[in-house]
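Below is one structure, written out as structure tokens; the observations come after it.
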Amino acid sequence: MFDKSTWIKLPRNVVVGHGVVDELGETISDLHLTGEPLIITSPTPNELAGGLVRAQVPESATIIVEEASFESIERVIETAQAQAADYLIGLGGGKPIDIAKMAADEINCGLVSLPTAASHDGIVSGRSSIPEGDSRHSVAADPPLAVVADTEIMAKAPWELTTAGCADIISNYTAVQDWRLAKRLKNVEYSEYAGALSEMTAEMLVDNADSIKPNLEESAWIVVKALVSSGVAMSIAGSSRPASGAEHLISHQLDRIAPGQALHGHQVGVASIITEYLHNGDGGQWRAIRDALKSIDAPTTAAEIGISDDDLLEALTTAHEIRDRYTILGNGVSLDAAYETAAVTGVIDRQ
Ligand SMILES: [Zn+2]
């Protein structure tokens, strides 16, 4: 147990609050980052906050990326190298930050993350997810040096992005169960600390569900803090295990089968109702997970995320094939069992 070294990489400064984009300059100098940054953003966040960011770093250049792809990453790397950028600033929902994270890793420079929506835990974590062909490619990267989360900006994001972020955190419940199962059955490395932190994060979010409402800045606050703590759990674990189990495998499979149908967080939320049922059956907590999702306005059925029953069942029966990550899906769920589980939990209607 003590013969291995542990390497935990965490963001150094996490600044959350109303109008904190105005503290970006200060944060950057606190990190001893000097020189000229390249700002990576997409059209809407650029309109929303690009000006505020550039006011803080006048000597910066900006690159607008339209989609999360390896081509975009290449373009960011080339631009950063051509301009001899000293560090990167990722400004946006998920995509620009994921791209900036991978580019920063490639050219070995620092990254500051400025999320404009609390839509998933990638805004803080050391992981990037980029679509590649018909699947998603999830890679390890360093977490950002700093996260500057301006709740005034984030509260203006579309409401469904916030509910997706919430659902991504609620899915920690099942992710941790999968992790423990993999520890018992496959002896994968498990961190009590990271597991507990991840569960506590979900717990706190559910406890505060009443304060998570559209156009309420406090909501952005609660959700971004939970996303930060989920990201920290992943950094401590050195893997995405604390926040990504079978429900994420099912979601990745849905990305392949029915691309672009629903937000990541909404897919994992619906999938976690199912995987909770697979873990603990009818006596388990699947109703609590469904009700928690409902209470924050997140979808709880395949229809609500625009996925057909057949596509859902295909994802459920094939998700175990995606990657070498042992979960409750084991060697695969049979079609009968998948149908039964989805029907009992109300994720699909019984025919
Ligand atoms: Zn996720």
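Can you find a residue that is without any contact (Cβ under 8 Å) to a residue 24 or more places away in the chain and over 19 Å from M204 (Cα atoms) anywhere in segment 282-291? Yes, segment 282-291 contains at least one residue that is without any contact (Cβ under 8 Å) to a residue 24 or more places away in the chain and over 19 Å from M204 (Cα atoms).
Of all residue pairs spaced 6 or more apart or on separate chains, those with beta-carbon atoms under 7 Å, a first member in segment 217-238 that is over 10 Å from T151 (Cα atoms) and a second member that is charged (D, E, K, R) are L227/D121; S230/D121; G231/D121; M234/R127; S235/K9. Name every residue in segment 264-284 that is modelled with pLDDT of 95 or more and within 14 Å of the ligand (Cβ to nearest atom), in order of residue number. Across segment 264-284, the qualifying residues are G265, H266, Q267, V268, G269, V270, A271, S272, T275. I'd like to know if segment 175-192 contains one or more residues that are in a helix (DSSP H, G or I) and touching a strand residue (DSSP E or B) at 6+ places or on another chain (Cβ under 8 Å). No - not one qualifying residue is present in segment 175-192. Only one of the numbered conditions (1) under 14 Å from the mean Cα position of the chain (by Cα); (2) modelled with pLDDT under 95; (3) charged (D, E, K, R); (4) within 17 Å of A237 (Cβ to Cβ) is not met by R136, and that is (4). Of the helices (runs of 4 or more DSSP H) lying entirely inside segment 203-314, those containing at least 3 residues that are in contact with a strand residue (DSSP E or B) (Cβ under 8 Å, 6 or more places away or on another chain) are 217-237, 246-257. With respect to S295, determine if the residue is small (G, A, S) and crowded, with 24+ Cβ neighbours inside 10 Å. Considered against the rule, which asks whether it is small (G, A, S) and crowded, with 24+ Cβ neighbours inside 10 Å, S295 comes out as no. Of the residues making up segment 224-238, those that are away from the ligand (no atom under 13 Å from the Cβ) and within 23 Å of E276 (Cβ to Cβ) are S229, A237. Pairs meeting the criteria (first residue in segment 318-346 and over 16 Å from T301 (Cβ atoms), second residue of a type in the set (D, E), beta carbons under 7 Å, at least 6 apart or on different chains) are T327/D178; I328/D178. Residues of segment 302-317 that are polar (S, T, N, Q) and within 22 Å of T327 (Cβ to Cβ): T317 alone. Of the residues making up segment 136-144, one or more are within 14 Å of the ligand (Cβ to nearest atom) and outside any loop (DSSP other than H, G, I, E, B).
So which residues in segment 298-321 are among the aliphatic types (A, V, I, L, M) and either buried (at least 18 other Cβ atoms within 10 Å of the Cβ) or not assigned by TED's automatic domain parsing to the domain that holds K183 (or both), if there are any at all? A298, A302, I305, I307, L312, L313, A315, L316, A319, listed by residue number.
Applying the set (1) touching a strand residue (DSSP E or B) at 6+ places or on another chain (Cβ under 6 Å); (2) closer than 30 Å to A202 by Cα; (3) surrounded by fewer than 24 Cβ atoms within 10 Å (Cβ to Cβ) to V124 leaves exactly one unmet item: (3).
If you check S235 against the conditions, is it crowded, with 21+ Cβ neighbours inside 10 Å, over 16 Å from A298 (Cα atoms) and touching a helix residue (DSSP H, G or I) at 6+ places or on another chain (Cβ under 7 Å)? Considered against the rule, which asks whether it is crowded, with 21+ Cβ neighbours inside 10 Å, over 16 Å from A298 (Cα atoms) and touching a helix residue (DSSP H, G or I) at 6+ places or on another chain (Cβ under 7 Å), S235 comes out as no. The set of residues from segment 152-168 being aliphatic (A, V, I, L, M) and more than 14 Å from the ligand (Cβ to nearest atom) comprises I153, M154, A155, A157.
Against the definition (touching a Pro at 6+ places or on another chain (Cβ under 9 Å) and among the hydrophobic types (A, V, I, L, M, F, W, C)), how does I305 come out, yes or no? Against the criterion (touching a Pro at 6+ places or on another chain (Cβ under 9 Å) and among the hydrophobic types (A, V, I, L, M, F, W, C)), I305 qualifies. Against the numbered list (1) surrounded by 14 or more Cβ atoms within 10 Å (Cβ to Cβ); (2) without any contact (Cβ under 8 Å) to a residue 40 or more places away in the chain, V14 comes up short only at (2). Number of residues in segment 239-257 that are more than 22 Å from A141 (Cβ to Cβ) and crowded, with 20+ Cβ neighbours inside 10 Å: the value is 5.
The values are calculated or read from the model by the stated rules, or taken from the named source; none is laboratory data. This is a predicted model, so every value here is computed, not measured. Neighbour counts run over all protein chains shown; Cβ positions are idealised from the backbone, glycine included.
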